[in-house]
Every structure is written in C-alpha cells, then in structure tokens.
Amino acid sequence: MLEKYEDLNEMHLDVLKEIGNIGSGNASTALSAMIGREIAIHMPSIKILGFQEAIENNGSPEDIVAAVLVRLKGEVSGMILLLVEQEFAENVLNVFFGEKDIDLLKLNENDVSALTEIGNIMGSAYVSAIAQLTGLEIGVETPSFAVDMLGAIMSVPVIEFGEVSDKLLCIDKTIEIDGVSMKSNMMLIPTVDSLSNLFGKLGVDA
C-alpha cells in the first residue's frame with residue numbers, strides 16, 4: 001500500500017502519464033472550443049519533486065507568477081495548481097483581447113476571469129480523465145486565482161499537505177496556440193490515500 005509519494009514506481013508513473021495524455025486531449029478540445037483557435041498540448045512529462053525542487057523547476061522563489069488553484073473533492077481529494085507565467089499570460093490574453101505587454105501585477109477583471117477559466121478547464125480536464133479511467137466520483141471546487149511570488153504561491157500546498165507528504169507531482173507540458181509554443185506547469189497534489197484508491201480502481205498494485 002502506498003504510504004508516501006516516494007513509493008510510486010515506474011508502473012504508477014506510466015499510469016499517471018496516460019492520465020496526463022488523456023487530460024491533455026480533453027483540455028485541447030475544450031480550450032480550442034473556448035477561444036476558437038487551434039490548440040495542441042504535447043505529451044507531458046511527470047516528475048515527483050519536493051516542494052523546494054518544484055520551485056526550482058519553475059524559476060526563482062522571487063519570480064512573480066499567477067496561479068489558478070482547483071481543489072478536488074469526492075473520492076479523490078487534493079488540489080491542482082496551474083502556474084501562469086508571463087509568456088503564457090501574454091499569449092492567452094493576446095488571443096482573447098488583443099492585449100500585449102501584460103503586467104501580471106496589473107491584470108484587470110477580464111484578464112483574471114479569462115486566466116481563471118483556462119485554469120479551471122485544464123484542471124477539470126485532468127479530473128475528467130481520472131474519472132473516465134477509474135469510475136471514481138470526483139468534484140472540483142470553484143477555482144481561486146492569485147498573483148504573487150512563486151515561493152509564496154508554493155507555500156499553499158506546503159501548508160495544506162506538508163504534514164502528509166513533502167512531495168508532489170509536477171506535470172510539465174508544452175501548449176501550442178496557432179503554432180506558438182509556450183510552457184505550462186501544472187502540479188497535481190492528491191493525497192496518498194487518493195492515489196492508492198485510484199490505482200486500486202485500475203487494478204494496479206499500490
């Protein structure tokens with residue numbers, strides 16, 4: 001039985017990667033319909049990292065980033081955290097509103113709404129992929145949006161899950177909008193019990 005993230009083996013990671021592939025396909029379809037542009041999300045890489053490693057994987061603790069946080073409920077509990085960096089925000093908001101030279105610290109209400117909805121769609125796409133494969137009933141809470149230093153953003157999962165695990169799953173992928181590539185960083189942070197439940201439903205020895 002899984003007791004900590006470090007117990008995940010290659011088979012577990014392959015399952016999570018397949019969920020990531022299905023989730024990416026779901027997200028591509030939903031985002032394309034939302035913004036009316038061709039979107040491709042390339043096969044994600046999945047890494048198990050400590051919280052400090054996750055910060056270093058995404059930049060410096062002082063970097064200003066936006067984040068969309070989607071909490072999970074039901075038979076899988078935890079959170080999905082999508083980091084929105086400057087390049088990603090500029091490309092997306094340029095598509096939506098023709099905006100350029102975006103300042104993450106000066107986003108208006110429409111900017112926040114658009115980025116939050118994209119985070120919600122991407123998070124929900126992964127939740128849907130897990131539900132499709134396992135039959136588990138998983139809900140998502142209303143997403144929250146914040147702009148802060150990367151270190152401060154990452155303190156949220158540390159505070160909520162630090163006692164349970166000092167690791168998380170980082171899903172790094174490349175998104176293309178009309179052929180323009182940008183990096184997207186998502187962190188899937190289910191509880192270890194939820195992971196055991198997920199693998200059990202798939203018949204994978206946990």
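Any residue at all in the range 54-61 that is modelled with pLDDT under 90 and in contact with a Gly (Cβ under 9 Å, 6 or more places away or on another chain)?
The answer is yes, given that some residue of the range 54-61 is modelled with pLDDT under 90 and in contact with a Gly (Cβ under 9 Å, 6 or more places away or on another chain).
Using beta carbons and a limit of 6 Å, which pairs, at least six apart or on different chains, have the first residue in the range 83-109 and more than 21 Å from residue 123 (Cβ to Cβ) and the second one surrounded by 14 or more Cβ atoms within 10 Å (Cβ to Cβ) and acidic (Asp, Glu)?
Between residues of the range 83-109 that are more than 21 Å from residue 123 (Cβ to Cβ) and residues that are surrounded by 14 or more Cβ atoms within 10 Å (Cβ to Cβ) and acidic (Asp, Glu), the close pairs are 102/90.
Quick check: anything in the range 58-77 assigned to a helix (DSSP H, G or I), more than 20 Å from residue 143 (Cβ to Cβ) and polar (S, T, N, Q)?
Scanning the range 58-77, I find no residue that is assigned to a helix (DSSP H, G or I), more than 20 Å from residue 143 (Cβ to Cβ) and polar (S, T, N, Q), so the answer is no.
Out of all the residues in the range 164-206, which are out of contact with any strand residue (DSSP E or B) (no Cβ under 8 Å at 6 or more places or on another chain), in a helix (DSSP H, G or I), aliphatic (A, V, I, L, M) and under 16 Å from residue 129 (Cβ atoms)?
The one that is out of contact with any strand residue (DSSP E or B) (no Cβ under 8 Å at 6 or more places or on another chain), in a helix (DSSP H, G or I), aliphatic (A, V, I, L, M) and under 16 Å from residue 129 (Cβ atoms): 195.
Out of all the residues in the range 140-177, which are modelled with pLDDT under 80, small (Gly, Ala, Ser) and either under 17 Å from the mean Cα position of the chain (by Cα) or crowded, with 17+ Cβ neighbours inside 10 Å (or both)?
Once the filter is applied, which keeps residues that are modelled with pLDDT under 80, small (Gly, Ala, Ser) and either under 17 Å from the mean Cα position of the chain (by Cα) or crowded, with 17+ Cβ neighbours inside 10 Å (or both), the range 140-177 yields only 165.
Restricting attention to the range 178-193, which residues are buried (at least 20 other Cβ atoms within 10 Å of the Cβ) and at pLDDT 80 or above? Please lay out each step first, then the result.
In the first step, residues of the range 178-193 are kept if they are buried (at least 20 other Cβ atoms within 10 Å of the Cβ); the result is 184-190, 192.
Residues satisfying the conditions are 185, 186, 187, 188, 189.
Let's see how each residue does on (1) under 26 Å from residue 203 (Cα atoms); (2) of a type in the set (D, E, K, R):
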residue	(1), (2)
42	no, no
77	yes, no
84	no, no
88	no, no
117	no, yes
127	yes, no
142	no, no
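Given the options 136, 104, 93, name the one that is over 23 Å from residue 34 (Cα atoms), surrounded by 14 or more Cβ atoms within 10 Å (Cβ to Cβ) and among the hydrophobic types (A, V, I, L, M, F, W, C).
Checking each option against the conditions leaves just 136.
Give me the residue from the range 92-139 that is in a helix (DSSP H, G or I), charged (D, E, K, R) and more than 21 Å from residue 42 (Cα to Cα) and, out of that set, nearest to the chain's Cα centre (by Cα).
Ranking the candidates gives 111 first.
Go through the range 66-84 and report how many residues are under 14 Å from the mean Cα position of the chain (by Cα) and either of a type in the set (Val, Ile, Thr) or surrounded by fewer than 20 Cβ atoms within 10 Å (Cβ to Cβ) (or both). Talk me through it step by step, then tell me what you get.
In the first step, residues of the range 66-84 are kept if they are under 14 Å from the mean Cα position of the chain (by Cα); the result is 66-72, 78-84.
Remaining after also requiring either of a type in the set (Val, Ile, Thr) or surrounded by fewer than 20 Cβ atoms within 10 Å (Cβ to Cβ) (or both): 68, 70-71, 80, 84.
Total satisfying the criteria: 5.
Listed residues 196, 181; which is among the hydroxyl-bearing types (Ser, Thr, Tyr) and either under 18 Å from the mean Cα position of the chain (by Cα) or closer than 30 Å to residue 32 by Cβ (or both)?
Numbers: 196 fails: either under 18 Å from the mean Cα position of the chain (by Cα) or closer than 30 Å to residue 32 by Cβ (or both).
Testing whether each residue is among the hydroxyl-bearing types (Ser, Thr, Tyr) and either under 18 Å from the mean Cα position of the chain (by Cα) or closer than 30 Å to residue 32 by Cβ (or both) leaves just 181.
The values are calculated or read from the model by the stated rules, or taken from the named source; none is laboratory data. These figures come from a predicted structure and were not determined experimentally. Note: ideal-geometry Cβ built from the backbone for every residue, glycine included; neighbour counts use all protein chains shown.
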